[in-house]
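Trainee: Here it is: the structure, laid out below.
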Amino acid sequence: MKKITILFLFFAVMSNVNAQSRQDFDLQQAAVSSTIKHETIRSDIFDKEVLLIQADEKNSVLNLPMNKSIDWHKMKYLVCEVYHPNEHTAMLNLQFFRKGEPQNGHPWLRCYITVLPKLKTQMIFPLSYLDAQELYLPRYPRQLKGVCTGNRLDPEDIESISIDIFPHLSPKYVTKIEIASVYLTDHLPDKYAAPSQKYVDEFGQWTMREWPNKIHNETELKQKILAVEKSVAKAEFPQTWSRYGGLKALKFDATGFFRVHHDGKRWWFVDPEGYAFLSSGICCITPSQSGVYTDMEDLLTWLPDPQGSYGSIYENGHMKRIDYFKANQIRVYGEKWLEKWEETTPKMLKAWRFNTIANWSDQNIQEKGGLPYLRHLHGLPNTSTMLYRDFHDVFSPEFREIARKYASQLIPDKDNPLIIGYFLGNEPHWAFGDNDIAYEMFATTQSSYTKIEFISRLKKKYANVDAFNIAWKLSLRSIDELAMQTFKSYPSEKAEIDFHEFTTAMIEEWVSVQCEETRKADPNHLNLGTRYAFISSETMMKMGRYFDVFSLNAYTAPFPPSTEELSKLSGKPILITEWHFGCSTDGGLPTSGLQTNVSQKERAAAYRVFAENGFARPEIIGFHWFQWADQNILGRGDGENFNIGFLDACSLPYPELTEAARQTHENMYDIARGKKKPYIYKFSPVPSLPDI
């Protein structure tokens with residue numbers, strides 16, 4: 001991937017130290033390659049001189065030494081003041097390099113942070129996140145999603161810090177950005193004054209852009225929503241489909257529940273009546289699409305009375321949220337808006353030939369919609385000690401009991417034929433990256449049952465402490481002393497092998513215990529496994545043997561990721577449980593999503609190419625788009641604000657996308673049986689984004 005890098009020298013500029021410490025990077029001393037367009041300008045936005053950078057497609061990696069005078073113990077945040085005038089959201093990649101590690105472009109830890117266009121923003125990184133135990137940054141005013149990946153880093157070991165800017169691809173994605181300051185501080189900065197123009201209108205739309213189908217008044221909104229309702233009023237599945245959405249022309253043994261079957265050529269779901277079934281679904285089918293507005297009230301055009309008819313659009317937990325998606329339905333249907341939503345939504349799905357209500361969807365729409373759906377188990381509770389990110393103390397006695405209580409959620413619905421199966425969890429944080437979890441246990445001296453189990457196995461493997469010390473290049477008096485050791489690097493090659501082997505055992509325990517308990521609680525429905533964001537090792541593939549279906553969230557383009565080996569090693573069919581394409585240039589949101597297209601037309605083509613070429617593979621039995629509606633422009637809880645919906649903020653469908661989905665789903669059974677060829681399209685170039 002091509003990228004641009006700005007690497008800042010920590011300059012020894014320290015103001016008078018008082019109760020609030022701050023140390024600035026001197027942007028005049030910043031090393032910026034001459035191949036990158038940059039200049040110092042007077043900014044009207046910041047009312048001072050700033051560094052103006054234009055990202056390009058050249059690869060410029062710069063390296064400057066760290067200033068040794070920084071007192072990291074006094075600092076809590078790294079802050080970068082930025083503004084960019086682009087039509088699309090910018091992403092800044094904050095990179096930390098560790099002393100003693102080769103600087104070959106691979107930082108020890110990085111954090112991708114997205115920033116809204118045309119809005120002065122303080123990009124804030126809490127230095128506590130250097131411990132690599134959390135993936136997602138907390139929300140700060142005007143700052144969108146922040147994702148941290150990499151390894152635990154002691155601040156004292158930081159060699160240098162860099163910032164990359166994305167995206168960059170001429171002519172539509174030439175990212176310009178003003179950087180007013182970069183500094184370390186021991187306190188959160190004060191929020192900026194209100195902007196001169198509101199950022200969000202009364203319908204939840206972006207005020208900074210016009211686009212086709214933008215709503216300008218309530219009359220227009222009502223006319224368009226009522227027209228959609230009328231267009232789907234008589235929607236039903238095709239006559240060739242079963243009541244569940246299976247294919248009547250291909251029948252196997254019926255069990256009264258969904259199951260999987262390999263017919264000698266390919267895998268299928270089999271519906272309760274015995275018909276071959278491919279799952280076409282959408283995630284997050286809910287009547288709500290709230291966004292965070294904590295300390296951002298000054299960006300909103302419309303804040304109705306919380307005690308009035310729009311009071312239900314507010315949520316006031318640890319973050320304040322507002323829901324324009326709900327408000328727009330209230331505008332049209334009044335007090336009966338939810339009843340109308342529950343009536344119309346299943347008809348929309350049938351009209352577009354979706355046969356599955358996928359993960360994260362509203363419980364009422366699952367139970368009342370009459371369509372097959374999936375269960376997501378709520379929150380596997382933590383063990384008393386957590387080992388690395390969200391990885392449990394799996395060899396503790398409490399883990400089995402926690403898994404048993406977790407599985408008990410399935411018992412009330414175990415006889416429901418509409419349920420295809422259940423997921424054990426979603427995108428576990430420990431699986432982001434090829435992490436050696438056993439090794440990570442030894443970043444601290446924390447005691448755990450799992451650490452005790454590891455030491456017990458080492459005692460069985462090595463004849464005595466002398467043999468162990470030789471292999472691990474240590475000088476312990478007993479192997480038990482290992483419990484109080486910490487490591488910043490592997491002590492020996494043999495130790496690294498031992499750590500990796502035990503990591504495999506830990507993951508197997510984590511998977512197998514959950515699967516055993518869920519099978520006891522619900523023997524009727526399919527175990528769809530954990531919806532992994534990444535498959536980073538062969539170990540994770542092989543653990544699929546405990547599932548009935550291997551589920552994978554897949555954000556690739558233009559085709560699904562390779563799945564043949566995954567199916568072969570796990571012995572299971574593959575369900576793509578998340579995927580999407582967005583567009584940041586011709587709609588109401590400036591952020592495209594994890595995969596992007598240059599227009600809504602090409603976004604629709606991407607749907608067909610991805611899904612149809614996937615259905616042509618014998619191991620893939622379903623695709624679940626993420627998600628039902630566009631996200632709020634100010635971002636959901638974690639800051640995502642993507643154009644990834646079948647509906648926009650005003651609850652209106654994207655006609656290009658819905659038509660593409662209908663064509664794909666009407667063709668999917670013929671494509672799966674080799675009777676039709678999958679769709680192919682030549683796409684316009686789009687910028688690549690980091691894989692987060």
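The values are calculated or read from the model by the stated rules, or taken from the named source; none is laboratory data. Since this is a predicted model, take the numbers as computed values, not measurements. Here Cβ is always computed from backbone atoms with ideal geometry, including for glycine, and neighbour counts include all displayed protein chains. Heavy atoms of the whole protein, side chains included, go into the accessibility calculation; ligands, DNA and RNA do not. Shrake-Rupley method; radii C 1.70, N 1.55, O 1.52, S 1.80 Å.
Trainee: Working only within segment 601-645, note down all residues that are within 21 Å of Lys568 (Cα to Cα) and open to solvent by 10 Å² or more (accessible area, probe 1.4 Å).
Mentor: Asn613, Ala616, Arg617, Pro618, Glu619
Trainee: Taking the residues in segment 667-689 that are more than 19 Å from Arg617 (Cβ to Cβ) and over 23 Å from the mean Cα position of the chain (by Cα) as candidates, determine which candidate is surrounded by the most Cβ atoms within 10 Å (Cβ to Cβ).
Mentor: In this case the residue turns out to be Phe683.
Trainee: Right, another one. Report every pair of residues separated by at least 6 positions or lying on different chains whose Cβ atoms are under 7 Å apart, first residue within segment 397-412 and farther than 9 Å from Leu380 by Cβ, second open to solvent by 80 Å² or more (accessible area, probe 1.4 Å) and not β-branched (Val, Ile, Thr).
Mentor: Going by the 7 Å Cβ cut-off, the qualifying pairs are Glu398/Ser384; Ala407/Lys520; Gln409/His378.
Trainee: Looking only at segment 275-287, decide whether some residue is touching a residue at least 40 places away in the same chain (Cβ under 8 Å), open to solvent by 40 Å² or more (accessible area, probe 1.4 Å) and touching a helix residue (DSSP H, G or I) at 6+ places or on another chain (Cβ under 8 Å).
Mentor: For segment 275-287, residues touching a residue at least 40 places away in the same chain (Cβ under 8 Å), open to solvent by 40 Å² or more (accessible area, probe 1.4 Å) and touching a helix residue (DSSP H, G or I) at 6+ places or on another chain (Cβ under 8 Å): absent.
Trainee: Continuing with this model, one more query. Is it the case, given these coordinates, that Phe423 is over 30 Å from Arg259 (Cβ atoms) and open to solvent by less than 50 Å² (accessible area, probe 1.4 Å)?
Mentor: Answer is no for this residue.
Residues checked against (1) farther than 25 Å from His88 by Cα; (2) without any contact (Cβ under 8 Å) to a residue 40 or more places away in the chain; (3) not β-branched (Val, Ile, Thr):
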position: Leu169; (1), (2), (3): no, no, yes
position: Thr175; (1), (2), (3): no, no, no
position: Val182; (1), (2), (3): no, no, no
position: Thr185; (1), (2), (3): yes, no, no
position: Leu188; (1), (2), (3): yes, no, yes
position: Tyr199; (1), (2), (3): no, no, yes
position: Thr207; (1), (2), (3): no, no, no
position: Val228; (1), (2), (3): yes, no, no
position: Phe237; (1), (2), (3): yes, no, yes
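Trainee: Could you pull out the residue among Thr175, Thr185 that is under 24 Å from Asn641 (Cβ atoms) and among the hydroxyl-bearing types (Ser, Thr, Tyr)?
Mentor: Only one candidate qualifies: Thr175.
Trainee: From the residues in segment 444-493 that are open to solvent by 70 Å² or more (accessible area, probe 1.4 Å) and acidic (Asp, Glu), which one is nearest to Ser396 (Cα to Cα)?
Mentor: Within segment 444-493, the match that is nearest to Ser396 (Cα to Cα) is Asp480.
Trainee: Scanning for something assigned to a loop (DSSP other than H, G, I, E, B), modelled with pLDDT under 90, under 28 Å from the mean Cα position of the chain (by Cα) and of a type outside the set (Asp, Glu), does segment 11-30 turn up at least one residue?
Mentor: no
Trainee: Of all residues being assigned to a loop (DSSP other than H, G, I, E, B) and more than 20 Å from Ile419 (Cβ to Cβ) in segment 244-273, which is most open to solvent (accessible area, probe 1.4 Å)? Just the residue, please.
Mentor: Lys265
Trainee: Answer yes if at least one residue in segment 563-579 is part of a strand (DSSP E or B), crowded, with 22+ Cβ neighbours inside 10 Å, at negative phi and among the acidic types (Asp, Glu), and no otherwise.
Mentor: Checked against the condition, which is being part of a strand (DSSP E or B), crowded, with 22+ Cβ neighbours inside 10 Å, at negative phi and among the acidic types (Asp, Glu), segment 563-579 yields at least one hit.
Trainee: Inside segment 517-541, can you point out the residues that are of a type in the set (Ser, Thr, Tyr) and open to solvent by 10 Å² or more (accessible area, probe 1.4 Å)?
Mentor: Within segment 517-541, Ser536, Ser537, Thr539 qualify.
Trainee: Working only within segment 384-423, note down all residues that are in contact with a strand residue (DSSP E or B) (Cβ under 8 Å, 6 or more places away or on another chain), within 20 Å of Asn435 (Cα to Cα) and of a type outside the set (A, V, I, L, M, F, W, C).
Mentor: His392, Asp393
Trainee: Looking at segment 497-516, is at least one residue assigned to a loop (DSSP other than H, G, I, E, B), surrounded by fewer than 17 Cβ atoms within 10 Å (Cβ to Cβ) and in contact with a helix residue (DSSP H, G or I) (Cβ under 8 Å, 6 or more places away or on another chain)?
Mentor: No, segment 497-516 contains no residue that is assigned to a loop (DSSP other than H, G, I, E, B), surrounded by fewer than 17 Cβ atoms within 10 Å (Cβ to Cβ) and in contact with a helix residue (DSSP H, G or I) (Cβ under 8 Å, 6 or more places away or on another chain).
Trainee: Starting from segment 498-517, keep only residues that are of a type in the set (Ser, Thr, Tyr), then list their pairs with residues that are assigned to a helix (DSSP H, G or I) whose Cβ atoms are within a distance under 7 Å, requiring at least 6 positions of separation or different chains.
Mentor: Short answer, once both residue conditions are applied: Thr503/Ile437; Thr503/Ala438; Thr504/Thr539; Ser512/Tyr546.
Trainee: Restricting attention to segment 65-80, which residues are surrounded by 17 or more Cβ atoms within 10 Å (Cβ to Cβ) and either at pLDDT below 85 or farther than 25 Å from Arg22 by Cβ (or both)?
Mentor: Selection gives Ile70 alone.
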